[in-house]
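Before any comments, here is the structure.
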Amino acid sequence: MVIKTTILLFWLGYVCLAHGGSESSEGSVVNIYTELKELRSLVGELSTKLNKAEADLKEQRALVEELRREKDEQPKVAFSASLLSSESKHHGPFNDETNLIFGKVLTNVGNAYNSATGVFTAPVRGVYYFRFTGNYFVGHDMGLSIFKGSQRMMSVYEYHSSGESNDHASNGVTLELEKGDVVYMRLWINTWVFIDGRYDYCSFSGFLLFPL
C-alpha cells in the first residue's frame, strides 16, 4: 500500500504540474482520468509481480530448508582400521582361510565397523566404497580377499620371490549393500601378512557414498 500511494502521489503531482503548464496553451488537453486509470493498471501489474516474487522467494526458502534437513538426516558412515599388534610380526600362515580382525580403529563414524570381529555391517541400504592394503615379507605368499556375506568380491595376491624382501598390495571395490549386509576381510590359506606395530601397513577402510 505504501508503494501504491507513493506512486499515485508522484503521478498526480506530475499530472497537475503538466496541467498547470498547459492550461494557457490552446489545443492541449490532458485527460486526468485516463492517466489515473493507466496508473492504476500499472500499479496493479507491479503489485502482481511483487506478490509472485514473494511467493517464489518463500518457495525457494522452503526448498533450501528441506535440502538442509535431508542433509542433516542423511546417515554418516566411514571407518578406517589397521591390524593391531604391540610388536612387528607375521600373521599366518594358516591351514584355513582366516578372517582378519583390524583391531586398531582410526575412524569409525556411525559405529558400523566392529573392531572385535573385523566385520562392517551396513546401517542403511546404499552404495559403499571399501579399500584394503596388505604388506608381506619374503617367505610366504600373501593373499587377501574382501567378502560381502559369503561372496568373495575382490582380492589381491603377492607371490614370494627371493628377489623381493617385502611388498605391498591394495585394492578397492564399490558395493551396493542392503541394510544389515556384512563386509569383512580374509587371509588366504597358507599365506601371511606382516603386522607392523608402528606404521599400520595392513588396513581396511570404507564409507557410504550415498543411500538408496
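The values are calculated or read from the model by the stated rules, or taken from the named source; none is laboratory data. In this text, all values refer to a predicted model and were calculated from it rather than measured experimentally. Counting neighbours? That spans all protein chains shown, and the Cβs are built from the backbone with ideal geometry, glycine included.
Residues that are within 18 Å of residue 194 (Cα to Cα), at pLDDT below 90, loosely packed, with under 10 Cβ neighbours inside 10 Å and not hydroxyl-bearing (Ser, Thr, Tyr) within the range 60-96 comprise just one, 87. The requirement of being under 17 Å from residue 125 (Cα atoms), assigned to a strand (DSSP E or B) and of a type in the set (A, V, I, L, M) is fulfilled somewhere in the range 198-209, by at least one residue.
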